[in-house]
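Asker: Handing you a structure now.
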Amino acid sequence: MMMNLFSIFDPSTSMNFSMNWISSIYIIMFYPNLFWLIPSRWNYMYMNLLKYLINEFYMLLNKKINVINMILFIGLFMSIMLNNFMGLFPYIYTSTSQMTFSMTLSMSLWIMMMLFGWMINTNFMFTHLVPQGTPNLLMPFMVLIESISNVIRPITLAVRLSANMIAGHLLMTLISSTGSKLNMLMLFIMLMTQSMLIILELSVSVIQAYVFSVLSLLYSTETN
C-alpha cells in the first residue's frame with residue numbers, strides 16, 4: 001500500500017529532475033502520417049473526427065470571418081485528448097492532471113482573448129459587461145459580477161480538466177492497491193471493475209478535451 005495516493009501525480013523523478021514531462025511529446029506518434037503512408041482505419045477515424053469538429057465549431061462561431069480560429073481550437077482539442085489518452089497507459093505520466101499544464105493552456109488563451117477584445121473591440125467589451133435591459137440601479141452590481149465571472153474563467157477551465165483526470169486515476173489506483181490481498185473471486189471482480197473504469201476514462205479523455213476546446217471557442221466569440 002503506497003503511503004500517498006497523490007504520489008502518482010508527482011512529476012519529479014530521480015535526482016529531482018522532472019523527466020516525466022517528456023510524456024507530453026508522445027502524442028506525436030498518434031498523429032496519422034497522411035502524406036507518406038497508405039490511409040488506414042486510424043486515418044479514417046481521424047478525418048471523421050476532424051469533420052465532426054469543424055461542423056460543430058462552425059455552428060458556434062458568431063462571425064464567419066473567425067473560421068480560421070478553428071485551426072487553433074481543433075489543435076487544442078487533439079493535444080488535450082491525446083495527452084489524456086496517453087495517461088491511461090501504464091508508467092506514462094498524465095501531464096493534464098497537473099495544474100501547471102492546464103493552467104498554462106487556459107491562461108494563455110484567456111490573456112490572448114482579453115488583449116484582443118480590449119484593444120480591438122473596446123466598446124463591445126464594455127457593453128458586454130452590462131446585459132441588455134438591466135435596470136440602472138443594478139448596473140454596478142452586474143459589472144462587478146460579469147468582471148468576476150470573466151476573471152475566473154481560466155481557473156475553472158484548468159481546474160475542470162485537472163480534477164477530472166485526477167479523480168479517475170485516483171479511483172483506479174485505490175482499487176488496484178488491494179489486489180494482492182484478494183481471493184480469486186474478488187480479484188476477478190476487481191479486474192472487471194478496472195476494465196469498466198478504463199472505458200469510462202477513455203470517454204472522459206475525449207469529453208474533457210471537447211469541453212475545454214468548446215468553452216474556449218465560446219469565450220473567444222464574446223470578444224468580437
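The values are calculated or read from the model by the stated rules, or taken from the named source; none is laboratory data. Here the structure is a predicted model, which is why all the values come from computation and not from measurement. When the accessible area is computed, the model is the full protein with side chains, heavy atoms only, and any ligands, DNA or RNA have been set aside. Shrake-Rupley method; radii C 1.70, N 1.55, O 1.52, S 1.80 Å.
Asker: Residues of segment 39-223: accessible area per residue at 1.4 Å, in Å²?
Answerer: Details: 10730 Å² over 185 residues.
With all protein chains present, segment 39-223 gives 58 Å² per residue.
Asker: Sticking with this structure for a sec: How much of Val151 can a 1.4 Å solvent probe reach, expressed as accessible area in Å² and rounded to 10?
Answerer: Answer for Val151: close to 80 Å² accessible.
Asker: P(r) for segment 39-223, please, calculated from all Cα pair distances in 10 Å bins and given in %.
Answerer: Going from the shortest bin to the longest, the percentages are 8, 28, 28, 19, 11, 5, 1.
Asker: Computing the accessible area with a 1.4 Å probe over protein heavy atoms, can you report the carbon and sulfur percentage for segment 71-165? Working shown, then result.
Answerer: Values: 3950 of 5190 Å².
Using a 1.4 Å probe with all protein chains present, segment 71-165 comes out at 76 percent carbon and sulfur.
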